[in-house]
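Input: a single structure, listed below in structure tokens.
Each reported figure results from applying straightforward, stated rules to the coordinates on display, with no laboratory input. If you're wondering where the values come from, they're calculated on a predicted model, not measured in any experiment. Cβ: placed from backbone, ideal geometry, glycine included. Neighbour counts: every protein chain shown.
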Amino acid sequence: MLLLFSARLACAQEPAKASFESDHEFDNGSPITLGSLAPVQVENLVTLGKVWGFLKYHHPAVTAGKRHWDYELLRVAPAVLAAPDRAAAGAVLHKWILDLGEIAPCNPCASLPAAGLHLRPALEWLEDGTLPGAELRADLRKVYANRSAGASQFYVSHAKNIGNPVFEHEPDYTNVKFPDAGFQLLALFRFWNIIEYWSPYRDVIGEKWDDALRQSLPSVALAKDRRGFDLAMTAVAARVNDTHTSLWTPQPVRPPVGRCGLPVRMRFIGNKAVVFGYADEAAGKATGLQAGDIVEALDQVPVAKLTQSWAPYYAASNEPTRLRDMASGMGSGACGDVALRIRRAGLEQDVAVRRAPVRTTPRLRTHDRDGDTFQMLADDIAYIKLSSIKRDDIPRYLEAAAATKGLVIDIRNYPSEFVVFALGQHLVDKPTDFVRFTAGDASNPGAFHWGPTLALQPQQPHYRGKVMILVDEVSQSQAEYTTMAFRAAPRAKVIGSTTAAADGNVSPVPLPGGLRTMISGIGVFYPDKRPTQRVGIVPDIEVLPTLQGIEAGRDEVLEAAIAEIRRD
């Protein structure tokens, strides 16, 4: 009896695991095939995607893991596709919800207090009359009204001490054979609903997120092969306008594609693609290209036309970052010669350059100064770059810089170690707030609440000179967060150009077909609640590289910092 009771207790404690792992109906693919979609089918699928996502994060049978929710989508989708009109689709969804079982009254029930609320769930569609059928509307309202306070989520948890979402029980279905319209729809619906309910920046996407679902659905669902599906999903991810939300695919599909490239580093200066340096010194020089050359066309296609056609596939929070990422791969393509039209010293010329496998890793994400992590630029000016900084070395650097008039901290890179507090607390002379966060709410998916401010606490030795922080479009995420902290120091200024505008701990998102992406998982704001996402860290002194400066090999941003230190 004891053994039997123990076995029953174990089963009762693990219903979610058993349910999720015992359903294998679609392990070898879905039976859904599509050759076309009528307008009513698109609308019905949009409704299905939204209802499926709402139930995923609100219905107690689903949030408890009692159903394999991916496979439930694949079961109901054929009936929704077969529905001749909106009303019939509503009836299908109503029956589907009834089959999930009766919903017990919540006790205690979840509430959404206004105090400390930054972002409300986007659930107006439950009340605005767009849902097909009164019964379906009543079903969803009942589910929402009876959500329980403090209920756990089967498909998402929140990281301790940080608060960004951790997406769980989300298989990536790497064995899917394409085309498979069912799993293609699943990928779209999973991603769309993760943004809808767990992105802290949903309100600054820049378009109605419903429109992105409706407009993307045909291209994703009707993709005829693996490449078409990957490219369609790449475009969906880019619509979030979050630099963190690039899509990684098993094979590269984001244009331009090719295993070979040009051994040069490119950078946009304004709207001009400019040779900035060499990815491989010997191979780069052998091309004949020089720093400051403007590339105007590749194989007779103007660069402006290329970037216009590539833009829909680049996830970026702002335009400088989109151009940054395009520049990094601009020379990619088939191995062999490529015809470039360049402008040098005001004159156009055509040159043939050979693409080849690049043998060294290009220095794409760093615009800082060559040489050691710590350098004395003059007797009165010290320099630290964060791309190679080590926390253990900071006391030594501060000692060496103690008598200087100014310290340049170069964050035109990604910090090699987290030094927000290890270095930042030596720059302030009193407790100094520098940031506050927003985080999601498991009881109210789609809601985000303000957290308290976070402060730097002064620590000895205290650096008393001016602090110049250098940033540009390669300063992203942790680099931006670090800049926010350091600029809070009393004698600090930020110099350079707008950063990548993607801040917040990232949350990985697995998608069917082995696709991977991420979202910014928590909202990052200044203490006064000013935003950083899609805005970036706006410099106190804007300095942009010029064509003349690149030709001369000058670092105009660093020069401006030195001038500001020496200015009385």
> For ASP350 and ARG227, FRET efficiency with R0 = 30 Å and r from the beta-carbon atoms, rounded to 0.05?
Replying inline: 0.40
> Could you give the dipole magnitude of the range 464-568 about its Cα centre, charging the beta-carbon of Lys and Arg +1 and that of Asp and Glu -1, in debye to the nearest 20?
Replying inline: 440
>> Can you work out the Karplus-derived ³J(HN,Hα) for every residue in the range 539-546? Use 6.51 cos²θ - 1.76 cosθ + 1.60 with θ = phi - 60°, whole Hz, and x for glycine or proline.
In response: x, 6, 10, 7, 9, 10, x, 10
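Suppose R0 equals 51 Å. What FRET efficiency, 1/(1 + (r/R0)^6) with r the Cβ-Cβ distance, do ALA138 and ASN28 give to the nearest 0.05? Walk me through the numbers before you get to the answer.
Numbers: r = 37 Å, r/R0 = 0.73.
It comes to 0.85.
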> Between LYS208 and THR130, 0.36 nm times their residue separation minus their Cα-Cα distance comes to what?
Replying inline: 26.5 nm
> If you stretched the chain out fully between LEU98 and SER111, how much longer would it get, using 0.36 nm times the residue separation minus the C-alpha to C-alpha distance?
Replying inline: 2.2 nm
> Between PHE448, GLY329, PRO121, whose Cα lies farthest towards the positive end of the dipole of the chain when Lys and Arg beta carbons carry +1 and Asp and Glu beta carbons carry -1, centred on the Cα centre?
Replying inline: GLY329
>> What number does the range 191-250 give for Rg over Rh if you use C-alpha atoms and the Kirkwood radius?
In response: 0.96
> Counting Lys and Arg as +1 and Asp and Glu as -1, what is the net charge of the other residues whose Cβ lies under 13 Å from the Cβ of LYS305?
Replying inline: -1
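What FRET efficiency do you get for ALA334 and ALA552 if R0 is 25 Å and r is their Cβ-Cβ distance, rounded to the nearest 0.05? Don't skip to the answer; put the middle values down first.
Numbers: r = 34 Å, r/R0 = 1.38.
Calculated value: 0.15.
Using the crude model of +1 on Lys and Arg Cβ and -1 on Asp and Glu Cβ, and no other charge, please compute the dipole size for the range 162-321 relative to its Cα centre, in debye to 20.
Values: 16 positive and 18 negative charges, 73 e Å.
In total the dipole reaches around 360 debye.
Averaged over every viewing direction, what's the projected area of the C-alpha convex hull for the range 320-449? Give it in nm², one decimal, please. It would help to have the intermediate numbers written out before the result.
Numbers: hull surface 60.8 nm².
About 15.2 nm², averaged over all directions.
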> Under 5 Å between amide H atoms, partner at least 5 residues away or on a different chain: which partners does ALA273 have, H built in plane at 1.01 Å?
Replying inline: VAL295
>> From the phi angles alone, apply the Karplus equation (6.51, -1.76, 1.60; θ = phi - 60°) to the range 309-321 and give each ³J(HN,Hα) in whole Hz, x where the residue is Gly or Pro.
In response: 6, 7, 3, x, 9, 10, 7, 7, 7, 8, 5, x, 6
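Could you tell me the ratio Rg/Rh of the chain? Both radii from Cα atoms, Rh via Kirkwood.
Numbers: Rg = 26.9 Å, Rh = 26.3 Å.
My calculation puts Rg/Rh at 1.02.
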>> Using Stokes-Einstein with the Kirkwood hydrodynamic radius over Cα pairs, what translational diffusion coefficient do you get for the range 433-554 at 10 °C and a viscosity of 1.306 mPa s, in µm²/s rounded to a whole number?
In response: 96
> Do any trypsin sites (Lys or Arg not before Pro) in the range 522-564 lie in a loop, going by DSSP, with at most 14 other beta-carbon atoms within 10 Å of their beta carbon, and if so which?
Replying inline: LYS529, ARG554
> Which distance in nm do the two modelled labels at ILE541 and ILE162 give, with both placed 7 Å along the Cα-to-Cβ direction?
Replying inline: 3.5
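Run the numbers on the range 27-94 and let me know its relative contact order in percent, using alpha-carbon pairs under 8 Å that are six or more apart.
Values: 35 pairs, mean separation 27.2, N = 68.
Computed over the range 27-94, the figure is 40 percent.
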>> Report, to one decimal in Å, the Kirkwood hydrodynamic radius for the range 69-199 based on all distinct Cα pairs.
In response: 17.3
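For the chain, calculate the relative contact order in percent as a whole number, restricting contacts to Cα pairs under 8 Å that are 6 or more residues apart.
Numbers: 1123 pairs, mean separation 85.5, N = 568.
Relative CO of the chain lands at 15 percent.
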> With Rg and the Kirkwood Rh both taken from Cα atoms, where does Rg over Rh land for the range 156-292?
Replying inline: 1.08
> Say the dipole of the chain comes from +1 at the beta carbon of Lys and Arg and -1 at that of Asp and Glu; which of HIS244, LEU398, GLY90 then lies farthest toward its positive end?
Replying inline: LEU398
> How much space per residue, in cubic angstrom, does the convex hull of the C-alpha atoms of the range 422-473 take up?
Replying inline: 121
> Does the range 102-164 come out rounded, prolate or oblate by the C-alpha gyration tensor, with a ≥ b ≥ c the root eigenvalues, rounded set by a/c under 1.5 and, if not, prolate when a/b is larger than b/c and oblate if not?
Replying inline: prolate
>> Given the options HIS426, PRO508, MET484, identify the residue whose Cα lies farthest towards the positive end of the charge dipole of the range 407-554 (+1 on Cβ of Lys, Arg; -1 on Cβ of Asp, Glu).
In response: HIS426
>> Rounding to the nearest 10 and keeping the result within 0 to 90°, find how far the Cα-based axis of helix 134-145 lies from the longest principal axis of the chain.
In response: 60
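Out of the DSSP beta bridges found with both residues in the range 421-544, what percent are antiparallel (nearest 5)?
Numbers: 17 of 24 bridges.
Once the DSSP bridges in the range 421-544 are tallied, antiparallel ones form about 70 percent.
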